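Just so it is clear, none of the values below were taken in a lab; they were calculated from the coordinates. Everything quoted here is computed from the prediction, not taken from an experiment. Cβ atoms come from the backbone with ideal geometry, glycine included; neighbour counts cover every protein chain shown.
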Amino acid sequence: MTDSYAVIGNPIGHTKSPLIHGRFASECAQDMRYTAIEGPLEPEDAFAGAVREFMAEGGRGLNVTAPFKLRAFAMADELSDRARMAGAVNALKFEDGRILADNFDGIGLLRDIESNLDRPLAGRRVLMLGAGGAARGALLPFVEAGPKELVVANRSVDKARSLAGQAMNRGALVRASSYADLAHEGLFDVVVNATSASLTGALPPVPATVFQAEGLAYELAYGKGLTPFLRLAGDAGLRQLADGVGMLVEQAAEAFEWWRGVRPSTRAVIEQLTVPLE
Ligand code: ATR
């Protein structure tokens, strides 16, 4: 029987998920269908109802996207360590009537940086801008990658402190910083923009002094072209600029492997979805 999966979000019209999973399924010869569901925003518990309906119809798993990642977290029977740390869930698997939940956004980002962009974080200085959901999701995989130092900068420094505190409990060298203090932090090997600033065309107030020509600037947003953050990095002389296309495909590959037990290749799909950074 054809196994059924879907992505659920709202809005959902823009999603690349069915295309990505469709390609994975044919490459790995999996008998599965993957659709997109526009989840209900109101009332609060309607999302859980839609998930249970999908399960009742025989659905095997869901990818969860904005704005439902917290609601998916709340309804899970079992949470992975990563999902717990992120406080959010982006993938569900249904097994014997139970809802298993994980978050592959952070590991997808890490894989893109380390494997596709050839930038292992071990021993490196890493700067993460933002302390919201996206940064929280990336924190644990980043810490486990063993950077020399991880600095989290946020407008609200308290939020960055609380995030750094959680990571330090795991023995990593993680510090919080204000944007202003970044001017005294020297150069970073990898700078990740995990704020939502680019969604409104805004620039987080990061000083250009953090960038070094040999470094990597990574913009989590996908398909926004040269965002103000990437432009700033490019103007500072950085040669390696990336947006979130690889992360999008890598997190999908993680979910696919979790569901199906086979790992798809990602390079061709990333190439297909890449929008030039001009
Ligand atoms: P997400 O889940 O996408 O991370 P979020 O949890 O609302 O969204 O968090 C948004 C993040 O982007 C926060 O770190 C926010 O900074 P504050 O906590 O200081 O508000 C950051 N952010 C949003 N717009 C920004 C801007 N124009 N400049 C700098 N940071 C910005």
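The distance between label points at TRP258 and ALA74 comes to 2.0 nm (points 7 Å beyond Cα on the Cα→Cβ vector).
In this calculation the C-beta distance from ALA46 to GLN240 is compared with R0 = 51 Å, giving a FRET efficiency of 0.75. The count of lysine pairs in the chain whose Cα atoms are under 28 Å apart, excluding pairs fewer than 8 places apart on the same chain, comes to 8.
Across the options LEU187, TRP258, PRO228, the greatest Cα extent toward the positive end of the charge dipole of the chain (unit charges at beta carbon of Lys, Arg, Asp, Glu) belongs to LEU187.
Extension gain for LEU117 to CYS28 (0.36 nm times residue separation, less C-alpha to C-alpha distance): 29.6 nm. Result for the chain in a Gaussian network model with C-alpha springs under 10 Å: among ALA88, ALA76, ALA255, the largest mean-square fluctuation is at ALA76. Taking the range 172-198 and a reference point 7 angstrom along Cα→Cβ of GLU214, the backbone N atoms nearer than 20 Å belong to 185-192. Ordering ASN10, PHE68, LEU277 by the projection of their Cα atoms onto the charge dipole of the chain, which places +1 on the Cβ of Lys and Arg and -1 on the Cβ of Asp and Glu, puts LEU277 at the extreme positive end.
The range 109-154 and the range 238-254 have Cα centres spaced 13 Å apart. Rounded to the nearest Hz, the phi-derived 3J(HN,Hα) couplings of the range 89-95 under the Karplus curve 6.51 cos²θ - 1.76 cosθ + 1.60 (θ = phi - 60°) are 10, 10, 8, 10, 10, 9, 9, where x marks glycine and proline. As a rough footprinting exposure proxy, the listed residues THR15, THR266, THR200 were ranked by other beta carbons within 10 Å of their own, and the order from fewest upward is THR200, THR15, THR266. Under 5 Å from the amide H of ALA91 lie the amide H atoms of VAL64, ASP102, PHE104, each residue being 5 or more positions distant or on a separate chain, with H modelled from the backbone and absent for Pro and chain starts. What residue among GLY58, GLY246, GLY137 shows peak mean-square fluctuation when the chain is described by a Gaussian network model with Cα springs under 10 Å? Largest GNM mean-square fluctuation: GLY58.
Contact order, relative form, for the chain: 15 percent (alpha carbon pairs under 8 Å, 6 or more residues apart, mean separation divided by residue count). In terms of surrounding Cβ atoms within a 10 Å radius of their Cβ, MET128, MET85 rank from fewest to most as MET85, MET128. Under a model in which nothing but the beta-carbon of Lys, Arg (+1) and Asp, Glu (-1) is charged, the range 106-243 shows a dipole of about 280 debye around its Cα centre. Between the amide H of ILE99 and those of ASP77, GLU78, distances stay under 5 Å, these residues lying 5 or more places away or on another chain, with hydrogens modeled in the peptide plane. Charged side chains reduced to their Cβ positions (Lys and Arg at +1, Asp and Glu at -1) give the range 1-60 a dipole of some 300 debye around its Cα centre. Footprinting exposure proxy ranking of PHE73, PHE24, fewest other C-beta atoms within 10 angstrom first, gives PHE73, PHE24. The 3J(HN,Hα) values that the Karplus relation (6.51, -1.76, 1.60; θ = phi - 60°) gives for the range 60-73 are, in residue order, 9, x, 9, 8, 10, 10, 4, x, 9, 5, 7, 5, 5, 4 Hz. Gly and Pro appear as x. Since only ALA86, ALA208, GLY58 are under comparison, the one whose Cα sits farthest along the positive direction of the charge dipole of the chain, derived from C-beta charges on Lys, Arg, Asp and Glu, is ALA208.
Under 5 Å from the amide H of LEU216 lie the amide H atoms of VAL190, VAL191, each residue being 5 or more positions distant or on a separate chain, with H modelled from the backbone and absent for Pro and chain starts. Its relative contact order, with pairs defined as Cα atoms under 8 Å and 6+ residues apart, puts the range 1-73 at 46 percent.
Counting only alpha carbon atoms, the long axis of helix 46-56 and the longest principal axis of the chain meet at about 50°.
Net charge dipole, the chain: roughly 480 debye, given to the nearest 20, about the Cα centre with Cβ charges of +1 for Lys and Arg and -1 for Asp and Glu.
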